[in-house]
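Below is one structure, written out as structure tokens, with a few remarks after it.
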Amino acid sequence: MPTMLPEVLSTFLNFAAILFIIVIGVAALAVVILYILDVTQTHHAIRRNFPVIGRFRYIFERMGVFFRQYFFASDREEMPFNREQRSWVYRAAKNLDNTVAFGSTRDIKPTGTVLFVNCPFPTLDRDSVPPDAVTVGPYARTPYTTNALFNISGMSYGAISKPAILALSHGARKAGCWMNTGEGGLSPYHLEGGADIVFQIGTAKYGVRDAQGQLDDEKLRDVASHPTVRMIELKLSQGAKPGKGGILPAIKVTPEIAAVRGIPVGEASISPNRHVEIDSISELLDMIEHIRDVTGKPVGFKAVIGAYGWLDSLCQEIAKRGEKSAPDFITVDSADGGTGAAPMSLIDAVGLPISESLPMVVDKLISHGLRDRIKVIASGKLITPIGIAWALCVGADFVVSARGFMFSLGCIQALQCNKNTCPTGITTHNLKLQRGLVPEEKAERVAHYVKNIVHEVGTIAHSCGVHEPRRLRRHHARVVTETGLSVSLDELYPVVQPLSSARMPASLK
């Protein structure tokens, strides 16, 4: 037996040598082929001038995103969300301890930093109360009353995956918040969890469209017949792409998604950049009234605010028609929204941020005597207690988030939402990648995230001396100015007074 070892070893070494030569040969052949391809192509100057090695430039450019995220960027300098924000959501979703030691790493000197004004006699825990209930749509046949404070913003089936929808649906029911369907129609997975649902109608009327893409009243009635569909939201625009319709790449238009939306399979779905039936304030109110009559549910609209003179025109038209004609809510989306696919020119430079638009909308409604009639929902990068408490101080009734809930599902900000390659299974329809997202597990994280948000916003409210978050007002917060000193929000955004009774239309007196 020992005499056979040298022969076996010799055979193994010969085989390894042959294998090594083959590998080297294949590698050399590959380099030669790449060299020829690079030298002869005319599209990329770097590859033409530096064949083969020039390809590393594109590899490093792609990998740089991840190296910056994990190795080079500090906890508070990344965009669109920094590591500290993401980590807070991860811990909240896992129901882990979110306390920190040795002082804050947040720099409170930059312009725009929000600081809350603590009261010398804060609210005791025994005196705190749950968030107040709010009724939306008092003139609808089925008004919606809820004390939900923080809710899931519009993410459509198609933009996100089946397991993601299931996790959000079940998690929303556990947390007692609502879930917005996004513009992609109402799927069985939205309904499965039993959560309250806000059905969104986008410009393409997905799920409630006829063969010509127009609103189909029968399909709309079918959607509204589900008892968990509580409200209808007419999407005029969204933060990621104000002035442009939704974009669903062809690779994401599976047979099931096509059936839910009522569109052809395997073709990119590009929504019109506005509702073709709505070209004026009058037509907007007509459409809202029509949908409310058909469904019996509260109806509002979602918009990014850019030009704002039309808000006065809207309120004046409501005054002429009577307050019953008003939208039941307005969702104010920030220009720095960002889920889904969008042109960089729109996502970077069009529309107003929520810091300007939210107080503006609230004040317009106050000045026209419509603030109690029309509820205000704030949307746009509000994923931690600080942002949500700020929105309540400014005047929002509710806050919604999309990307915050994506983080609760495990999103790592890989920036691949539009490529069907999401590594966490949230925005992909690749079954192998979806396998990593277990709805039962992630639903618990969604519920924990909501409950911890509401708890910590309540903690801020109690520190300010109020009994529950919706009682926060502008004087409870300050914002740092360019001088380095802070001013109260009620100085920065002075609350306007309603029109005098003499000037107010009779329908609103």
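Quick notes
- Taking the criterion of being surrounded by 13 or more Cβ atoms within 10 Å (Cβ to Cβ) and charged (D, E, K, R), the residues of the range 250-277 that qualify are Lys252, Glu256, Arg261, Arg274, Glu277.
- Single residue of Asp216, Asp222 found to be touching a strand residue (DSSP E or B) at 6+ places or on another chain (Cβ under 7 Å), over 20 Å from Ser379 (Cβ atoms) and free of Cβ contacts under 8 Å to residues at least 24 places away in the same chain: Asp216
- Hits in the range 201-214 (condition: more than 21 Å from the chain's Cα centre (by Cα) and crowded, with 24+ Cβ neighbours inside 10 Å): Val208
- Candidates Gly207, Gly246, Gly184, Gly154: the one that is closer than 20 Å to Phe301 by Cα and either touching an Asp or Glu at 6+ places or on another chain (Cβ under 6 Å) or among the hydroxyl-bearing types (Ser, Thr, Tyr) (or both) is Gly246.
- Of all the residues in the range 372-408, those that are touching a residue at least 12 places away in the same chain (Cβ under 8 Å) and either over 19 Å from the mean Cα position of the chain (by Cα) or at positive phi (or both) number 8.
- Residue check, Glu233 outside any loop (DSSP other than H, G, I, E, B) and in contact (Cβ under 8 Å) with a residue 24 or more places away in the chain: yes
- Residue in the range 409-432 that is out of contact with any His (no Cβ under 8 Å at 6 or more places or on another chain), touching a residue at least 60 places away in the same chain (Cβ under 8 Å) and closer than 30 Å to Thr135 by Cα present: yes
- Hits in the range 350-373 - residues which are in a loop (DSSP other than H, G, I, E, B) and surrounded by 24 or more Cβ atoms within 10 Å (Cβ to Cβ): Gly351, His368
- The single residue among Val457, Val446 that is under 26 Å from Gly112 (Cα atoms) and in contact with a Leu (Cβ under 9 Å, 6 or more places away or on another chain) turns out to be Val457.
- Entirely in the range 118-200, the strands (runs of 3 or more DSSP E) that have 3 or more residues that are surrounded by 21 or more Cβ atoms within 10 Å (Cβ to Cβ) and touching a strand residue (DSSP E or B) at 6+ places or on another chain (Cβ under 9 Å): 150-152, 178-180
- A residue that is surrounded by 14 or more Cβ atoms within 10 Å (Cβ to Cβ) and among the small types (Gly, Ala, Ser) occurs somewhere in the range 324-332.
- Test: Ala396 is in the same structural domain as Pro439 (by TED's automatic domain parsing), modelled with pLDDT of 95 or more and not in a helix (DSSP H, G or I): yes
- Qualifying position, being within 22 Å of the chain's Cα centre (by Cα) and free of Cβ contacts under 8 Å to residues at least 12 places away in the same chain, among Asn151, Asn95, Asn147, Asn82: Asn82
- Condition met for Val100 (out of contact with any Cys (no Cβ under 6 Å at 6 or more places or on another chain) and either part of a strand (DSSP E or B) or under 30 Å from Glu482 (Cβ atoms) (or both)): yes
- Selection count where residues are touching a residue at least 60 places away in the same chain (Cβ under 8 Å), assigned to a loop (DSSP other than H, G, I, E, B) and of a type outside the set (Ser, Thr, Tyr), scope the range 103-117: 5
- Residue count, the range 257-310 (criterion: without any contact (Cβ under 8 Å) to a residue 12 or more places away in the chain and within 23 Å of Met155 (Cβ to Cβ)): 3
The values are calculated or read from the model by the stated rules, or taken from the named source; none is laboratory data. Computed from a predicted model, the values in this text were never measured in an experiment. A quick note on method: Cβ atoms are made from the backbone with ideal geometry, for glycine too, and the neighbour counts reach across all protein chains shown.
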